[in-house]
Amino acid sequence: MYASSSRIAINTTLKASRTFSTTSTRLARRETFVELLEDVPGLGRTFDRLFVAPGRARNDLVPTRKARFVPFKDNSQRQVYRATDADRSILSDLRIESPSSSSASSSNEERTSYHYSEPEPTSQSLLNSLHLVPSILIFERRTVSPDYPTLHGSLTLSDIQDKLDKEFNLPSSEIEVSWIGKEQGSRMKELDSWSAELKLRKGGKESIQVTIQVDRLEESQ
């Protein structure tokens, strides 16, 4: 089992060897933040933390256990981190360390560890479910006429929540869905694409932005 980011306690003497970038927090909304679980040619080495395209994370890195999504309290903590050989040695030991071997001294180290620590981290399974949601969620709806974009009925936030629950194991008790740039009670009443935010209610309250796309459902369907 891999060590949780909230459990990693690294002696502060190694801090000087860490290299962080000044990556803009705005980037975190366009890309996914992961920690590499093995060396990946052209990308990084084990324990490096960096931004990658969401599709690469969902389709390759995470399913093949080359990387994991990283939970954080807020986007300001998402900074690119390139592990040194010394860091990798310590982190490798912590990865296999039994929780029962923790002592009072390790608790003191945890309080002085770098700011990846958080009191209630999001579970890895829930974080995976969130980031496995595709960037575009497509809903097919009938229109009043083949020549007009007006829908029979409408698409609401509740419809989106139902899809997340049934297809991605993200029930309303775990995730909040809201429109971006629209009134929260707004309904999609014609063929269109709107932006929405999916935000976890607990843990680090991580969020992603997705496009909600309504396509015409052909009568034959």
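The values are calculated or read from the model by the stated rules, or taken from the named source; none is laboratory data. Bear in mind that the values here come from a model prediction, so they are computed numbers and not experimental data. Glycine also receives a Cβ, built like all others from the backbone with ideal geometry; neighbour counts cover every protein chain displayed.
Assorted remarks:
- Considering only residues in the stretch 32-61 that are touching a residue at least 40 places away in the same chain (Cβ under 8 Å) and surrounded by 20 or more Cβ atoms within 10 Å (Cβ to Cβ), the one that is farthest from the chain's Cα centre (by Cα) turns out to be F47.
- Extreme residue, modelled with the lowest pLDDT, among residues of the stretch 164-221 that are assigned to a strand (DSSP E or B) and hydroxyl-bearing (S, T, Y): S207
- Any pair with Cβ under 8 angstrom, 6 or more apart, that starts in the stretch 74-100 at a residue that is within 21 Å of L43 (Cα to Cα) and ends at one that is at pLDDT 65 or above and loosely packed, with under 15 Cβ neighbours inside 10 Å: none
- Residue in the stretch 132-143 that is among the polar types (S, T, N, Q) and more than 26 Å from the chain's Cα centre (by Cα) present: yes
- Number of the exception - L130 against (1) touching a residue at least 60 places away in the same chain (Cβ under 8 Å); (2) assigned to a loop (DSSP other than H, G, I, E, B); (3) crowded, with 16+ Cβ neighbours inside 10 Å: (2)
- Unique match (being modelled with pLDDT of 80 or more and not assigned by TED's automatic domain parsing to the domain that holds E190) among S98, S125, S89: S125
- Picking from residues in the stretch 161-195 that are under 18 Å from the mean Cα position of the chain (by Cα) and in contact (Cβ under 8 Å) with a residue 40 or more places away in the chain, the one that is surrounded by the fewest Cβ atoms within 10 Å (Cβ to Cβ) is N169.
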